[in-house]
């Protein structure tokens, strides 16, 4: 189990606030942070930068469709996830979303099963995704998940790969009050400008504190993934 470093609660609070209130995309808004690490200034931007980088889409392909997303922070990870799963370009997924379709309808349109959202989550992860997991386990064909559940579970899948954690562990961390973007940044050492300074400050404060064993990525949690 991961432990919060000294002072990390402030970072958790900021990340929770930023994710809880999605910011609408504005015409002419800069998306440089998605493609240039030097433009990243917080954990949420870093998470999106890592997601774009890991999926490997060129800026010339992705940037033109971004203004059509109402909430880039919440919607872009789902766009990337679905485009990769169904083999369609991101613009195709954005077109469907821009028409006002729910993510549940879009998943059905592109023939991506909900099973892909629960890879690595064999047991109930508890809140906030325990109810969605339970409905899916009882009726995999008939279940209909909310936009919020789908967006959150996509973040869990993307974040678990980025942080090299089991999806179950990432879902549990979310339930313990640690946003996915925060966990990814913690695990990867916040390599963005300003993030390094944040790490130096808070590691300095906790340098003389005794820490328990670090979470074992390949440890004794096989019954939970």
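State whether one or more residues within the stretch 87-103 are within 14 Å of residue 52 (Cα to Cα) and crowded, with 17+ Cβ neighbours inside 10 Å. Yes, the stretch 87-103 has at least one match. Of the residues 62, 96, 117, which is touching a helix residue (DSSP H, G or I) at 6+ places or on another chain (Cβ under 7 Å), touching a residue at least 24 places away in the same chain (Cβ under 8 Å), under 20 Å from residue 148 (Cα atoms) and part of a helix (DSSP H, G or I)? Only one candidate passes the filter, namely 117.
Selection over the stretch 54-71 of residues that are modelled with pLDDT of 95 or more and within 24 Å of residue 164 (Cα to Cα) gives a count of 3. The single condition from (1) touching a helix residue (DSSP H, G or I) at 6+ places or on another chain (Cβ under 8 Å); (2) modelled with pLDDT of 95 or more; (3) more than 16 Å from residue 77 (Cβ to Cβ) that residue 134 fails is (1).
Residues are listed down the side, and each one gets a yes or a no for (1) assigned to a helix (DSSP H, G or I); (2) in contact (Cβ under 8 Å) with a residue 60 or more places away in the chain; (3) under 20 Å from residue 84 (Cα atoms):
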| site | (1), (2), (3) |
| --- | --- |
| 122 | no, yes, no |
| 127 | no, no, no |
| 133 | yes, no, no |
| 140 | no, no, no |
| 152 | yes, no, yes |
| 157 | yes, yes, yes |
| 160 | yes, no, yes |
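The values are calculated or read from the model by the stated rules, or taken from the named source; none is laboratory data. Source: prediction; values computed, not measured. All Cβ positions, glycine included, derive from the backbone under ideal geometry; neighbour counts span all protein chains shown.
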